[in-house]
1. State which residue pairs qualify: first residue more than 12 Å from ALA52 (Cα to Cα) and inside region 17-33, second residue modelled with pLDDT under 90 and basic (Lys, Arg) in any location, beta carbons under 8 Å apart, and separation of 6 or more residues or different chains.
2. Pick out the one residue from VAL150, VAL107 that is aliphatic (A, V, I, L, M) and at pLDDT below 75.
3. Return yes or no: is PHE106 aromatic (Phe, Trp, Tyr) and crowded, with 20+ Cβ neighbours inside 10 Å?
Amino acid sequence: MATLRTVVPTQLAVGIGLITISVVLAMGAYRFPPEMGFVILPAYVYPYVVAAFLGAVGLLLGYQAVSGGFRELDNDTATVPGGKTGAAWVTAGLVGVALLINLIGFVLAAGLLFACSARGFGSRHPLRDLAIGIALTLPIYWLFNAGLGVSLPSLINIWL
């Protein structure tokens, strides 16, 4: 006998919300001027990539919501793992970036934010998380500086 798959409305709302955000972002990117100026890629490329990613994630989450719920989420609990301690770690990372970005540079500050966020979600490997954060931040830094011509705080400050 086949089991009925239930639709989880709140999870479906998350998927639909992401799809809506991706559509709004794509509509905004469509309005960007096509001229490139002194940059490698036009300004509308990045919002289109983010919109496509959000749309794909929204579709996948919507599919999971209508086919029984998010696979890795226990639907019986209303709390998120980490709770107040996790929120404190993420908040500390955000405050740390705001205070340190001009002192230690964009890449190290963003790597620190990643490590604090990972700790907030339960990771117990701070050096590995910091290395992953730096590895993820370097391409972002180069894409914004070279691709869009957006000047971010220095890569790593010279006095380090």
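1. No pair meets every condition.
2. Working: VAL107 fails: at pLDDT below 75.
Only one candidate qualifies: VAL150.
3. Numbers: aromatic (Phe, Trp, Tyr): yes; crowded, with 20+ Cβ neighbours inside 10 Å: yes.
Taking the combined requirement at face value, the residue satisfies it.
The values are calculated or read from the model by the stated rules, or taken from the named source; none is laboratory data. Small disclaimer: the values here were computed from a predicted structure and weren't measured. Note: ideal-geometry Cβ built from the backbone for every residue, glycine included; neighbour counts use all protein chains shown.
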